Amino acid sequence: MFAEGMIVDFLLVVTMIIAVYYTVERAKTKTWKIRRLPGLEAIDEAVGRATETDRMVLYLPGFGGLGDPQTLASLGVLSDVARTTARYDANLVVAVEYADLVPVYEEVVRNSYVAEGKADAFTPEHIRWFSDHYYGYAVAVIGMIYKERPASVIMLGNFAFDALMYAEAGAQVGAIQIGGTASSTQIPFFVAACDYALIGEEIFAAAAYLTQEPNRVASIVVEDWGKFLVTGLVLLGAILATFGTADWLDKLLSY
Amino acid sequence: MKNTLPYIITVVTAVIVLICTFFGVAPELAQELDQWSVVSGAVVCAFGLVNLTSVHMKTIKRKGEDWDLSIVLLVITYGYLILGLVKGPTNEIYSWIFNATAVPLGATFYALLAFYIVSAAYRAFRAKSRDAVILLIPAMIVLFGRAPLGEYLFPFFGEWTGWIMDIPAVAAMRAVLLGATLGALISAIRVLLGFDRPYATGGE
């Protein structure tokens, strides 16, 4: 009935779906807290600096498409950033890598401006598309950073080698920088070059943290349950492997 | 409708792909859906072109900063687009323009990474705080351990480098990877259940 090696994967996904649904329902009567994330608290400071210096806030959502969970997480944060820039009358520019995402980002930013009662302040120029070509996009963004000297650069999403280039260019023009990615090879670059860094799964908690919507916070709880489960399995595996009896666990997980 | 239809398409597509993956049935159906995704992505590329034209046309009309470069950009973009439409993507001139400009420019850009790494390393490794010192010490060991001259001068650094790369670095990477994977899974489930609808932000 099942494809080879898919039984455990299927059970895991079904369990997670039930857990997310259960916690979201439970969030109607129960609240959870998310630990402090300084990188996200700095968004107000970043936008405030842009307002004071009359320079823009540059938002980079990375190169993932809508199928990339990091992009989805980034959209949630962008919504909050756009509301803040609308509130402070700061100039926001979102540099989008893929043309098919332009209408999505326009809608997110427009809705945030509408929510703040600043619908007239929204213009399509808030969203800039340069090229679907990876290098073309990166060169254009770096050129824009040097030329227009943003007061703040917020980079959240899926990044590759270009992460360091944006972060370094931003640091060289003196921008306040917030960087976050789940791409493990790029995290060190953000840590090195940004004022604030969101590491790994923190970007998935970002939207929940900023909005404090019970429904979103509930999903973070399931993520933590998953981490407890994985940590437990790692510890069990380490103990069993030490005593040379881990074969049955290995076999069980391979079903 | 603006919200509901995309949600129905998302759920139906996701359920089909999940069934194909878990139960190993009709793999060609999942591949077909994947193809549709690629084709629809190519079609909506026009949105980007509209955005690019709009931004640069305004700069040209206002005679804003570097408005002449906006003209160059639009001429090249539409010129290349027309060439591709008329001659086809396999045309020799069309391919030559791409290979003679975009490819070397990409390689040059990638090469710049080395200078950015040096600049970032200088900033990160300045021993101004306890954290920076903690970062600096293993970084110097790995740097010397990996470089032939460093390993010649300090032979034991090679072994230390191996330990740093294989034990603490791998442990940290795996921890990040596990957390990120779980976060990605939960995000995907939220979209599947309709709690997040990034594709229909405009409302009904």
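Values quoted throughout were computed directly from the atomic coordinates according to the rules given, and no laboratory measurement underlies them. Worth saying up front: this structure is predicted, and the values here are computed from it rather than measured. When we count neighbours, we look across all protein chains shown, and the Cβ atoms used for this are built from the backbone with ideal geometry, even at glycine.
Remarks
- Using alpha-carbon coordinates, inclination of helix B:168-192 to the longest axis of chain B, degrees: 20
- Amide N proximity, the stretch A:226-255 versus A:Asp9 label position 7 Å along Cα-to-Cβ, cut-off under 15 Å: A:253-255
- At least 24 Å along the helix axis (C-alpha) and Kyte average at least 1.0, DSSP helices within chain A: A:7-26, A:214-242
- Candidates A:Thr185, A:Thr51, A:Thr242: whichever shows maximal mean-square fluctuation once chain A is modelled as a Gaussian network with Cα springs under 10 Å: A:Thr242
- Cα centroid separation, the stretch A:151-177 to the stretch A:217-235 (Å): 31
- As a proxy for reagent exposure, ranking A:Val217, B:Val72 by other Cβ atoms within 10 Å from fewest up yields B:Val72, A:Val217.
- Normalised contact order of the stretch B:1-109, rounded percent, pairs of Cα under 8 Å and 6 or more residues apart: 10
- Under the combined filter of DSSP loop state and at most 10 neighbouring Cβ atoms within 10 Å, the stretch A:1-108 retains these GluC sites (Glu not before Pro): A:Glu4.
- Restraint check, A:Lys147/B:Lys58; A:Lys147/B:Lys128; A:Lys33/A:Lys118, Cα-Cα greater than 20 Å: A:Lys147/B:Lys128; A:Lys33/A:Lys118
- Between B:Lys87 and B:Val43, the simple label model (points 7 Å from Cα in the Cβ direction) yields a spacing of 2.9 nm.
- The spacing between the stretch A:31-94 and the stretch B:20-65, judged by their C-alpha centroids, is 24 Å.
- FRET E, pair B:Glu65, A:Gln172, Förster distance 25 Å, beta-carbon r, rounded to 0.05: 0.80
- Calculated FRET efficiency for the pair B:Thr101/A:Arg35, C-beta based, R₀ 60 Å, to 0.05: 0.80
- Considering every alpha-carbon pair of the stretch A:38-211, the percent of pairs per 5 Å bin, from zero through the bin containing the longest distance, is 1, 10, 20, 24, 24, 15, 5, 1, 0.
- Residue-wise HN-Hα couplings along the stretch B:117-126, as the Karplus relation 6.51 cos²θ - 1.76 cosθ + 1.60 with θ = phi - 60° gives them from phi, are 5, 4, 4, 5, 5, 4, 5, 6, 8, 5 Hz; Gly and Pro carry x.
- Taken as Cα centroids, the stretch B:82-122 and the stretch B:128-204 sit 29 Å apart, rounded to the nearest whole angstrom.
- Shape category assigned to the protein assembly as shown from the gyration tensor of Cα positions, a/c cut at 1.5: rounded
- Each stretch of four or more DSSP H residues adds -39500 (n - 2.57); spread over every residue of the protein assembly as shown, this sum gives -22500 deg cm²/dmol at 222 nm.
- The stretch B:45-111: C-alpha gyration tensor shape, a/c 1.5 cut-off, then a/b vs b/c: oblate
- As a calculated quantity, the FRET efficiency between B:Val50 and B:Arg130 at R0 = 56 Å, using C-beta atoms, amounts to about 0.60.
- Chain A, relative contact order in percent, only Cα pairs under 8 angstrom and at least six apart counted: 24
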